[in-house]
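Before any comments, here is the structure.
The values are calculated or read from the model by the stated rules, or taken from the named source; none is laboratory data. Here the structure is a predicted model, which means the values were calculated and not measured. Glycine also receives a Cβ, built like all others from the backbone with ideal geometry; neighbour counts cover every protein chain displayed.
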Amino acid sequence: MADQQKLSSRHLLGIKDLNRNDIELIFETAANFKAVLNRPIKKVPSLRDVTIANIFFENSTRTRLSFELAQKRLSADTVNFAAASSSVSKGETLIDTVNNILAMKVDMVVMRHPYAGAGIFLSRHIKAQIVNAGDGAHEHPTQALLDAFSIREKYGEVSGKKVVIVGDILHSRVALSNILCLKQLGAEVMVCGPTTLIPKFIGSLGVKVEHNLIKALNWCDVANMLRIQLERQDIKYFPSLREYTMLYGLNKKILDFLDKEITVMHPGPINRGVEITSDVADSKQSIILDQVENGVAVRMAVLYLLAGQM
Ligand code: CP
């Protein structure tokens, strides 16, 4: 990785910041890092002397661990901040919190925040590079990149593949980032769910809409099953979880009944027995843990390429 190519953006605030060349560069770099991760010595010195702060104002398991591991594999110095155990609870603002962290000579900030646009806001006020690790119901760019990378790994390419995203599209940052990323790469995208959980503007993004799960699954090569984001729902969007599961839950009987063998994805965290049953999540058709594995390599690629623009 001597002759480093550059991304077109200093920050990764959303897939909106990336063009197709950027995404393909991230994938090539991630494939190289994945090979490194499968070696006995998994660490490279690429980000030695780079300090990265992971600041999480919202809970996370996968994204947080994955970023931290990616940073350690790249030999970066890392500091971790969780809002629940910080002075945010004493009334400190986002900018004050981040400026205090930056005063400790931090080069890059990986941030998760419950408000859409928090990363964009911060990028206008601080000099450090920012990676959005999920902002409200807006974007989750590294999730979309690792999802598309996993589809590419499975099928050799993303272009021409049919991907259905099933569930709570309205409250999902994963859905928006996936749609933007998959469309950039030439995939056909469909969303499927109850009318109340599909935003009215979705057609303007060039995606198909289907309310019948069986029809959607028979159309697709890949089904990306989303969790119901109860934490972001202020009103009731469907009568009960039981009814949602009856209409939109994926179980083995449905999977075996389809005309073809499809690939099943899920960004996690999974609610087993709601949007997906255990026998599907743990089946051969599921690439859920491949997604998690690829997340480290993809995040290494993002951090490495952004650091090249310091
Ligand atoms: N997929 C995802 O963002 O999971 P976490 O909330 O655990 O980070």
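Are there any pairs, at least 6 apart or on different chains, whose C-beta atoms fall under 6 Å, with the first in the range 61-87 and touching a residue at least 24 places away in the same chain (Cβ under 8 Å) and of a type in the set (A, V, I, L, M, F, W, C) and the second assigned to a loop (DSSP other than H, G, I, E, B) and within 15 Å of the ligand (Cβ to nearest atom), and if so, which?
ALA83/PHE57
Mind checking whether some residue in the range 108-123 is charged (D, E, K, R) and farther than 19 Å from ARG62 by Cα?
No.
Any residue at all in the range 55-64 that's surrounded by fewer than 15 Cβ atoms within 10 Å (Cβ to Cβ), outside the structural domain of ARG152 (by TED's automatic domain parsing), under 19 Å from the mean Cα position of the chain (by Cα) and not basic (Lys, Arg)?
Initial filter on the range 55-64 (surrounded by fewer than 15 Cβ atoms within 10 Å (Cβ to Cβ)): 59, 61.
Next, from what is left, pick out any that are outside the structural domain of ARG152 (by TED's automatic domain parsing): 59, 61.
Remaining after also requiring under 19 Å from the mean Cα position of the chain (by Cα): 59, 61.
Of the ones still in play, those that are also not basic (Lys, Arg) are 59, 61.
Among the residues of the range 55-64, at least one is surrounded by fewer than 15 Cβ atoms within 10 Å (Cβ to Cβ), outside the structural domain of ARG152 (by TED's automatic domain parsing), under 19 Å from the mean Cα position of the chain (by Cα) and not basic (Lys, Arg), which makes the answer yes.
Restricting to the range 96-127, and then to whatever is outside any loop (DSSP other than H, G, I, E, B) and without any contact (Cβ under 8 Å) to a residue 12 or more places away in the chain, can you tell me which residue is surrounded by the fewest Cβ atoms within 10 Å (Cβ to Cβ)?
ASP96
Is one or more of the residues making up the range 36-45 part of a loop (DSSP other than H, G, I, E, B), closer than 27 Å to GLN229 by Cβ and not assigned by TED's automatic domain parsing to the domain that holds SER177?
For the range 36-45, residues part of a loop (DSSP other than H, G, I, E, B), closer than 27 Å to GLN229 by Cβ and not assigned by TED's automatic domain parsing to the domain that holds SER177: absent.
Filter the range 128-154 down to residues that are away from the ligand (no atom under 12 Å from the Cβ), assigned to a helix (DSSP H, G or I) and touching a strand residue (DSSP E or B) at 6+ places or on another chain (Cβ under 8 Å), then give me how many there are.
Result for the range 128-154: 3.
Between VAL158, VAL163, which is closer than 13 Å to LEU185 by Cβ, in contact with a Lys or Arg (Cβ under 6 Å, 6 or more places away or on another chain), surrounded by 19 or more Cβ atoms within 10 Å (Cβ to Cβ) and in the same structural domain as VAL209 (by TED's automatic domain parsing)?
That would be VAL158, the only listed residue that is closer than 13 Å to LEU185 by Cβ, in contact with a Lys or Arg (Cβ under 6 Å, 6 or more places away or on another chain), surrounded by 19 or more Cβ atoms within 10 Å (Cβ to Cβ) and in the same structural domain as VAL209 (by TED's automatic domain parsing).
Would you confirm, using the coordinates I've provided, whether ALA76 is assigned by TED's automatic domain parsing to the domain that holds ALA301, within 15 Å of the ligand (Cβ to nearest atom), hydrophobic (A, V, I, L, M, F, W, C) and in contact with a Lys or Arg (Cβ under 9 Å, 6 or more places away or on another chain)?
no
Residue-wise test of (1) more than 14 Å from the ligand (Cβ to nearest atom); (2) under 28 Å from ILE151 (Cα atoms).
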residue: THR51; (1), (2): yes, no
residue: ASN59; (1), (2): no, yes
residue: LEU65; (1), (2): no, yes
residue: LYS72; (1), (2): yes, yes
residue: ALA103; (1), (2): yes, no
residue: VAL106; (1), (2): yes, no
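Scan the range 15-22 and tell me whether some residue there is modelled with pLDDT under 95, touching a Ser or Thr at 6+ places or on another chain (Cβ under 6 Å) and either within 26 Å of ALA187 (Cα to Cα) or surrounded by fewer than 18 Cβ atoms within 10 Å (Cβ to Cβ) (or both).
Yes - at least one qualifying residue is present in the range 15-22.
When you go through ILE228, ILE179, ILE169 one by one, which is the residue that is assigned by TED's automatic domain parsing to the domain that holds ASP259 and farther than 16 Å from ALA144 by Cβ?
ILE228
Going by what's in this entry, would LEU47 be described as away from the ligand (no atom under 16 Å from the Cβ), buried (at least 18 other Cβ atoms within 10 Å of the Cβ) and within 16 Å of ASP107 (Cβ to Cβ)?
Judged against the criteria, LEU47 is a match.
Among the listed residues SER123, SER177, identify the single one that is within 16 Å of the ligand (Cβ to nearest atom) and touching a strand residue (DSSP E or B) at 6+ places or on another chain (Cβ under 7 Å). Walk me through it before giving the result.
Numbers: SER123 fails: within 16 Å of the ligand (Cβ to nearest atom).
Selected residue: SER177, the only one of SER123, SER177 that is within 16 Å of the ligand (Cβ to nearest atom) and touching a strand residue (DSSP E or B) at 6+ places or on another chain (Cβ under 7 Å).
Only one of (1) part of a helix (DSSP H, G or I); (2) more than 16 Å from the ligand (Cβ to nearest atom); (3) of a type outside the set (Val, Ile, Thr); (4) without any contact (Cβ under 8 Å) to a residue 60 or more places away in the chain is not met by TYR304, so which one is it?
Of everything listed in (1) part of a helix (DSSP H, G or I); (2) more than 16 Å from the ligand (Cβ to nearest atom); (3) of a type outside the set (Val, Ile, Thr); (4) without any contact (Cβ under 8 Å) to a residue 60 or more places away in the chain, TYR304 misses just condition (4).
Of (1) within 25 Å of GLY136 (Cα to Cα); (2) of a type in the set (A, V, I, L, M, F, W, C); (3) not in a strand (DSSP E or B), MET310 satisfies all except one. Which?
Going through the list (1) within 25 Å of GLY136 (Cα to Cα); (2) of a type in the set (A, V, I, L, M, F, W, C); (3) not in a strand (DSSP E or B), MET310 breaks only (1).
When you scan the range 155-174, how many residues do you find that are away from the ligand (no atom under 16 Å from the Cβ) and under 25 Å from LEU305 (Cβ atoms)?
7
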